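S.K.: If you scroll down you'll find the structure; I have some questions about it.
The values are calculated or read from the model by the stated rules, or taken from the named source; none is laboratory data. This is a predicted model, so every value here is computed, not measured. Every residue, glycine among them, receives a Cβ derived from its backbone with ideal geometry; neighbour counts consider all protein chains shown. Surface areas here come from the heavy atoms of the whole protein model, side chains and all, with no ligands, DNA or RNA. Shrake-Rupley method; radii C 1.70, N 1.55, O 1.52, S 1.80 Å.
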Amino acid sequence: MILELISAGILVGDFIYHRYIEDHSAPRSVAQTFKVPASKQGAAIPLLYGKTRARSPILSWAGQATATTALDSGTGTGSPWLYGLDMLLKLGVPFQDGIARITGMWSGERKLGVGAPGFGAGDGGFEVPAPVNSSALPGDAGFEGGFVEVLNGSESMNMVSGSPVAANTYAADHMVRNGTAASAIPGYRGFLCAFLFGQTGGDAIKWYVGAQPQPNAYSFEVTAYPTDTGASSLIGDDVNPATVLFDLLTGNVGKLGLPTSALDLASFSAAFATLNTEGHGMSRCWDGQETAQELIEEILRQVDGVLYEDPTTGLIVLKLIRADYDPNALLVINPSNCKELQNFAASGWTDIPNKVIVKFTDRANNYREGIAIAQSDANAVGQDGEIHEVTLDMPGICTQELADQIASRELQARSRPLMKLRAIVNRSFLRVNPGDVVTLTWPEANISRIVFRVAAVGRGTLESNLIALDLIQDYFYQWRRLHPTPPSHIGLGSVIAFGG
């Protein structure tokens, strides 16, 4: 089954070429050991979407280290030695055949300037190559900077070219200067890379890492967008989550590589349009060991949606949970088509959350963690003033405005008592799928025409023609006045919820 492939999918691991550079005596008898952090075998290559910060670049190549005096380097910082090293850093995998760029760089938590001096003109992005520097570091940290060549990983990118092959980029040129045959240089297509170096000619000047013989932790602000930006895939600096999900499913490098024919494209287009209308975007750098299923579930949590395989067409369907239905036109579960109700539970007011905290990635604060809070004061008063809070991680959110909206949405969904149950129904519900809504009428339990959302579907076995529907009361119906037309007479003891 296709969804089984998704659940088993794991982000690609990459055997990274690396070397330790040790015991190189610095010029003028300054003996130091230059240490370069190496990547572990099988390290996950980050996936990049939207405008985000890549904090875990992978060292793919490093040249020979050098050390020079501050006077020789012309920086005049007063540091007795400056250490240099050319490095190729693999930042991650952007959109399949998309547009990837580097727009900022940090050394630790210190933002490095672009241009010489300060920030360059133009569109604010790095040129190829672009001078990057931090000329006013505290104490004796020394000058740090050089040039950055952006290797966008496109299909047309050629590290080497010609016959016989020769270097076609600054990165390849420096690799050749360090003894690597041009024909042995990888193409790096499909990966956004940054090459840090000192100058275009010669080997004396490297990328300066400062007064200590060890590079700082570098991170980069990147943009990774699809090529169809004219079709409203961009929402501000972010990307439509439906586009991200589509790329995760169909991309080839580090992704699931499913054919587009396996997807219900109409459902993806509908979700795309809804999210675009809502202004709901996301940006994300996945740099851990998450499975594909975990990545997909994170997106679905943020957009409040479900992904399932349609049993009729066999296609993967994306459905958003929205108030997009007519309660009077829904299928009705009742004793005539339902064998029994199981695991019935109705929550009370005692322990339901009255405060929701959403943790997000705050782009306005250098991509540090931010929080958005939504709280129901009325619920807290009804619970003797006690705060019952739930904390949700939404790292794909990068703006305070969207984080506030999601916090409010989650509070509405979680701060009201709802009913849950399992209904064992007949084959008339064969076409019901996760995310659909149905109406339940069950006189024995005093339930009349209450709308439930389908959480899961069990389609039975060869020995049984019954279907199991896991249901949860739909909060759009219960609390937002989306309810069916009431009957002309309500019998004593019957229960109909119309919202308050």
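S.K.: Quick check: at a probe of 1.4 Å, how many percent of the accessible area of the stretch 274-339 sits on carbon and sulfur atoms? Intermediate results must be reported in sequence, preceding the final value.
M.R.: On the way: 1330 of 2830 Å².
Answer for the stretch 274-339 is 47 percent, counting heavy atoms of protein chains only.
S.K.: Can you check how the C-alpha radius of gyration of the stretch 284-414 compares to 2.2 N^0.38 Å, as a plain ratio?
M.R.: Details: Rg = 18.8 Å, N = 131, 2.2 N^0.38 = 14.0 Å.
Taking N as the residue count of the stretch 284-414, the ratio is 1.34.
S.K.: Hey, can you rank 205-214, 415-424 by average C-beta count inside 10 Å, highest first? All intermediate terms of the calculation are to be shown ahead of the outcome.
M.R.: Numbers: 205-214: 21.8, 415-424: 18.7.
The most tightly packed comes first, giving 205-214, 415-424.
S.K.: Based on the mean of other beta carbon atoms within 10 Å per residue, what is the order of 451-457, 82-88, most packed first? Could the numbers behind the result be given before it?
M.R.: Numbers: 451-457: 19.3, 82-88: 24.9.
Top of the packing list down: 82-88, 451-457.
S.K.: Now for a separate question. Over 23 Å between Cα atoms: which of K319/K355; K51/K90; K319/K420 fall into that group?
M.R.: Numbers: K319/K355 27 Å; K51/K90 17 Å; K319/K420 21 Å.
Correct reply: K319/K355.
S.K.: Using a probe radius of 1.4 Å on heavy atoms only, what accessible surface per residue do you get for the stretch 208-349? Whole Å² is fine.
M.R.: Working: 5870 Å² over 142 residues.
Counting only protein heavy atoms, the per-residue value for the stretch 208-349 is 41 Å².
S.K.: Taking R0 as 60 Å, what FRET efficiency do you get between N328 and R368 from their Cβ-Cβ distance, rounded to the nearest 0.05? If you can, show how the numbers build up before the last one.
M.R.: On the way: r = 48 Å, r/R0 = 0.81.
Using R0 = 60 Å, I get an efficiency of 0.80.
S.K.: Suppose the chain between N178 and T260 were pulled fully straight at 0.36 nm per residue; how much longer would it get relative to their current alpha carbon spacing?
M.R.: Working: separation 82, 0.36 × 82 = 29.52 nm, distance 4.33 nm.
Going from the current span to full extension adds 25.2 nm.
S.K.: Positive end of the charge dipole of the stretch 235-300 (Lys, Arg +1 and Asp, Glu -1 on Cβ, about the Cα centre): tell me which of G257, T243, H280 has its Cα farthest that way.
M.R.: G257
S.K.: Still on this structure, please answer the following. How long are the semi-axes of the equivalent ellipsoid of the stretch 238-351, defined as square roots of 5 times the Cα gyration tensor eigenvalues? Whole Å, largest first.
M.R.: Details: eigenvalues 185, 71, 55 Å².
Working from the Cα gyration tensor, I get semi-axes of 30, 19, 17 Å.
S.K.: Right, next: Rounded to whole Hz and in sequence order, give me ³J(HN,Hα) for the stretch 156-161 from the Karplus expression 6.51 cos²θ - 1.76 cosθ + 1.60, θ = phi - 60°, writing x for Gly and Pro.
M.R.: With coefficients 6.51, -1.76 and 1.60, one gets 8, 6, 10, 5, 10, 7 Hz.
S.K.: Turning to a different aspect of this structure: What FRET efficiency do you get for A166 and R110 if R0 is 41 Å and r is their Cβ-Cβ distance, rounded to the nearest 0.05?
M.R.: Numbers: r = 37 Å, r/R0 = 0.91.
For A166 and R110, the calculated efficiency is 0.65.
S.K.: While we're on this one: When the Kirkwood hydrodynamic radius is evaluated over all pairs of different C-alpha atoms of the stretch 417-474, what value in angstrom, to one decimal, is obtained?
M.R.: Details: mean 1/r = 0.0849 Å⁻¹.
Hydrodynamic radius (Kirkwood, Cα pairs) of the stretch 417-474 is 11.8 Å.
S.K.: With the crude spin-label approximation of a point 7 Å out along Cα→Cβ, what separation in nm comes out for S408 versus V390?
M.R.: 1.9
S.K.: How far apart, in nm, are two points set 7 Å out from the Cα along the Cα-to-Cβ line at Q400 and at F344?
M.R.: The answer from the label model is 4.8 nm.
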